[in-house]
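Report on the following structure.
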Amino acid sequence: MKLFNLRTPQATILSLVAALCFAMSGCVANNGGANGAQTSQTNTAVQQPPVANSNAAPAPDPNLANVPLTLPMVDALLGDEETVSELKSRAQLSDEQVQKLRDAGRDALLQLSETDEGPRSTTASSRDALAKIREIVGAEKAETVANFFRERWAGGGATTLAGSTPNSVPTDTRIVVNAPAYRMDIFRDGKLTKSYKVGIGYPEFPLPAGLRKATEIIFNPTWTPPDEPWVKGKFAPGKKVEAGSADNPLGPIKIPIGLPSLIHGGKQPARLGNFASHGCVGLTNAQVQDFAVELSSLAGKEITLDEVKGYQKNKTETKNVKLDNPVPVELRYETIVVTDDGKLAIYRDVYERGTNTEENLRRVLDAVGVSFDTLPAADQEKIRQGLSQMAIDATGNPVDPSANANANSNSNSANSNKTTSSKVTKNVKGAREVVFDLAALRGKGYPVPVNLKAA
């Protein structure tokens, strides 16, 4: 049984995709927010996503090689009619091929279980997805289709620009989320004013990277369970579940930041600093209420905490508040971060992007004017050990720096058909970071958390 078809009304699509959040305590949704945009190297403006040329596929973007692609992500993206239409045009796919892609994505989604854990891997999931895409559309079109999905998941363009500065400190007003650090920051006119501890997407639904924007705050989002087996009889199909209910996965507030992601509440404190969603930034209800106040202030449309709580008094009434000025939301994946209190933090490579290498470390240090070779030999050795300790995935397996590129290539190796567990990866096993105090770094780098709201 399928949730969507090309004639499904948009409102129904949004409701059903939101229901997936309940089924697996997370989210991947097209919520009518602004489209994502490509990261600006100068960090000063939100650019519109490039317009696809229906007559020819765009030149491959080398940055897309490190964007994971999983079948549940395919399912989420094909829930949007505009995305389907553009995919058919760019890759010259038939309706039958699109339907087979839908079926593959939906089957992968419905097979995932959160009751316990299995040895899932982002790169293995990417490898499986590409193998399935090749099977459906053929080897000649597979890379075009895969890159199209990667672009959409990344927000419409490349996740990083060549030559971009590591750990860059914004000079404007924006939200910055660094997934491996489980951290979200608010910058106002280049000054960090508030920080939040957050939950991030499971490895099977990795949080995208790139520049997005928030254009509205939706209070009291509701969802309606579809007539699907995974509802398991707990709710009557078609019966609305109110916001604020313990069974509503979105909590009291959601902020769309471009397909397929949201910033939303509904998370338990224990899920912060861990995997918690399906491609979204997860907050507790108290955090998301606080964030809504801050975001509205950034956008020039002040909403007080009393007003936020007032919206919740009538949970059956959904309230969409348009922001006067869109606020940029920058999603990062930086596992090596220099902070201005003289610390070097190396975070776990939870999405297996191969970022914890000495080459990347040197690039980060060079950006703050410090050469790795000038550090004391004992510190160099400890840092190399730290890189090795954090160059592992969520389950503790070593990450191959070339793994994503190989998984996303058109290779037909025997590993391409490797079967992975159908159980979602819920937790990071072991240490999430190592931190070194280095005198040479004091006063340099990214600011430490300010007014941290950890729950």
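Readers should treat all values here as calculations from the given coordinates under stated rules, not as data from a laboratory. Computed from a predicted model, the values in this text were never measured in an experiment. Cβ placement follows ideal geometry from the backbone for every residue including glycine, while neighbour counts extend to all protein chains displayed.
Key figures
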{"item": "Under Karplus coefficients 6.51, -1.76 and 1.60, residue-wise ³J(HN,Hα) of the range 274-285 in Hz, glycine/proline x", "result": "8, 6, 8, 7, 10, x, 10, 9, x, 10, 6, 4"}
{"item": "Order by protection proxy (mean Cβ within 10 Å, highest first), peptides 332-338, 183-189", "result": "332-338, 183-189"}
{"item": "Amide hydrogen neighbours beyond the local backbone of residue 276, cut-off 5 Å, H modeled", "result": "200, 201, 202"}
{"item": "Table column - 3J(HN,Hα) (Hz), the range 211-217, Karplus curve with 6.51, -1.76, 1.60, x for Gly and Pro", "result": "9, 10, 8, 9, 10, 7, 10"}
{"item": "Amide hydrogen neighbours beyond the local backbone of residue 392, cut-off 5 Å, H modeled", "result": "349, 399"}
{"item": "Karplus-derived 3J(HN,Hα), 6.51/-1.76/1.60, for each residue of the range 176-183, Hz, glycine and proline x", "result": "10, 10, 10, 4, x, 8, 6, 9"}
{"item": "Most to least packed among 96-102, 199-205 [average Cβ atoms within 10 Å]", "result": "199-205, 96-102"}
{"item": "Cα-Cα over 21 Å, subset of 315/426; 267/309; 319/453; 213/429; 315/453", "result": "315/426; 319/453; 213/429; 315/453"}
{"item": "Amide H partners (placed H, <5 Å) of residue 330, local residues excluded", "result": "175, 176, 177, 212"}
